[in-house]
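Worksheet for the structure shown next.
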Amino acid sequence: MTTVSFFTEGDRITGFRVQGHSGSAPAGEDLVCAAVTSAVRLTECAINDVLCLEASVKVSERDASVTLKLPSRLEDSVEETCQTLLAAFLLHLVNLAEEYPENITVLEV
């Protein structure tokens with residue numbers, strides 16, 4: 001099971017952690033895992049490479065996880081863009097979780 005935890009402070013999404021394998025198919029054939037991984041990479045690239053931020057990204061092969069945390073202070077326009085990206089990422093994963101409830105869980109912490 002893949003567990004996605006979104007970190008929040010009030011209404012602000014400050015980051016996320018994706019952990020585990022979905023287990024919907026053998027490695028290399030798991031479409032749920034591929035969808036999650038692709039969405040994680042897109043979100044991280046948009047935040048760090050396109051917006052040129054330095055969000056903290058930690059990858060652990062030991063527990064199959066990736067964690068991203070936004071910098072604490074951002075310009076208003078950049079903050080708004082990041083919140084839009086993270087809200088879209090959250091919505092995408094919630095939709096996947098509704099479609100594949102045995103394979104993915106989304107939490108807000």
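The values are calculated or read from the model by the stated rules, or taken from the named source; none is laboratory data. Predicted model only: the values in this text are computed from it and were never measured. As a convention, Cβ positions derive from the backbone with ideal geometry for all residues, glycine included, and neighbour counts pool all protein chains shown. Protein only, heavy atoms only, side chains kept; ligands, DNA and RNA dropped before computing areas. Shrake-Rupley method; radii C 1.70, N 1.55, O 1.52, S 1.80 Å.
Against the numbered list (1) out of contact with any Pro (no Cβ under 8 Å at 6 or more places or on another chain); (2) assigned to a loop (DSSP other than H, G, I, E, B); (3) free of Cβ contacts under 8 Å to residues at least 24 places away in the same chain, Glu54 comes up short only at (1).
Just one residue in the set Arg62, Arg73 is closer than 16 Å to Arg12 by Cβ, modelled with pLDDT under 95 and among the basic types (Lys, Arg); that residue is Arg73. Being within 17 Å of Ala97 (Cβ to Cβ), open to solvent by 50 Å² or more (accessible area, probe 1.4 Å) and among the small types (Gly, Ala, Ser) holds for only one residue in Ser24, Ser72, Ser5, and it is Ser24.
Would you check which residues across segment 51-65 are on the phi > 0 side of the Ramachandran plot and open to solvent by 50 Å² or more (accessible area, probe 1.4 Å) and list them?
The initial filter retains those residues of segment 51-65 that are on the phi > 0 side of the Ramachandran plot, namely 52, 64.
Matches in segment 51-65: Cys52 only.
Considered as a group, the residues in segment 27-60 that are among the β-branched types (Val, Ile, Thr) and farther than 13 Å from Tyr100 by Cβ include one that is nearest to the chain's Cα centre (by Cα), and that residue is Val40. Of the residues making up segment 37-76, those that are closer than 13 Å to Phe16 by Cβ and in contact with a helix residue (DSSP H, G or I) (Cβ under 7 Å, 6 or more places away or on another chain) number 8.
Please count how many residues of segment 83-93 are over 12 Å from the mean Cα position of the chain (by Cα) and open to solvent by less than 60 Å² (accessible area, probe 1.4 Å).
Here is the first cut: in segment 83-93, the residues over 12 Å from the mean Cα position of the chain (by Cα) are 83-84.
The next check asks that each one be open to solvent by less than 60 Å² (accessible area, probe 1.4 Å); those that pass are 83.
Within segment 83-93, residues that are over 12 Å from the mean Cα position of the chain (by Cα) and open to solvent by less than 60 Å² (accessible area, probe 1.4 Å) number 1.
Residue count for segment 27-50 under the criterion of being assigned to a loop (DSSP other than H, G, I, E, B) and open to solvent by 50 Å² or more (accessible area, probe 1.4 Å): the result is 3.
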